[in-house]
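Report on one structure; see the data block that follows.
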Amino acid sequence: MRLGEKLSRLRTLEGYARDLDREMTQVEVSKAIRAELGGGISQAYLSQIESGKRRHLTSETRALLARFFRVHPGHLVDDLDEHAAPLPPRQRHIIDDKLDLWLVDGSEKFADDRELSRALVAIARHENSRDCLRLLASIVDNRQLVDHLLETLTTSPPRPKRRRHRA
């Protein structure tokens, strides 16, 4: 997905999140950013981004839009070409191994946050950790889905722990 498409989609989601029952217009986004964040992005600039005439953002603009739409700044870039050739199996295994090590290292760095640490290890242990992260990225693109899943996660009773049977 291109940056312009993402911005248009974010305007739609934000409009519904604000109970407008429609997308926010570029003018409304521009005014809201000024009023709520004290920043300045003109409607013309938003239009250039969405039309593809402006392909890249300054780091300040990216940070401001990310704060307004409550997304990670890394989301506000063009996605990689979806039709790119898949990685060869050997290269994919090398990347998976590096990724797993990186996840385990991260779990150790965040040991004080047990849930986060456990989540990182769980992904690292999965046989397709790279695909797990790709799936997570696609979920994160849908803010309403994330909000719903987080609400479900925090309101669900904890699952009972499984007992391990010894042979």
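Nothing in this text is a laboratory measurement; each read-out follows from the coordinates by a stated rule. Note that this is a predicted model, so its numbers are computed, not measured. A quick note on method: Cβ atoms are made from the backbone with ideal geometry, for glycine too, and the neighbour counts reach across all protein chains shown.
Restricting to Cα pairs below 8 Å that are 6+ residues apart, what does the relative contact order work out to for the range 3-75? Please round to a whole percent. Provide the component values of the computation, followed by the final result.
Working: 60 pairs, mean separation 20.9, N = 73.
That works out to 29 percent.
At q = 0.15, 0.18, 0.22 Å⁻¹, work out log10 I(q)/I(0) for the range 89-155 with the Debye formula, treating every Cα as an identical point scatterer and leaving solvent out; two decimals please.
-0.57, -0.77, -0.99
Assuming R0 = 35 Å, what is the FRET efficiency of Gln43 and Tyr16, from their Cβ-Cβ distance, to the nearest 0.05?
Details: r = 20 Å, r/R0 = 0.58.
For R0 = 35 Å, the calculated efficiency reads 0.95.
So how do Ser59, Ser30 line up by other beta-carbon neighbours within 10 Å, fewest first?
Numbers: Ser59 8, Ser30 20.
Taking fewest neighbouring Cβ atoms as first place, the list is Ser59, Ser30.
May I ask you to derive the FRET efficiency for Lys31 and Asp78 from their Cβ-Cβ distance with R0 = 35 Å, giving the value to the nearest 0.05? Could you put the intermediate results ahead of the total?
Numbers: r = 27 Å, r/R0 = 0.76.
Efficiency computed from Cβ-Cβ geometry: 0.85.
Given the alpha-carbon gyration tensor of the range 3-75, what are the semi-axes of its equivalent ellipsoid in whole angstrom, ordered largest first, with each equal to the square root of 5 times an eigenvalue? Can you show the working numbers first?
On the way: eigenvalues 57, 37, 29 Å².
Result for the range 3-75: semi-axes of 17, 14, 12 Å.
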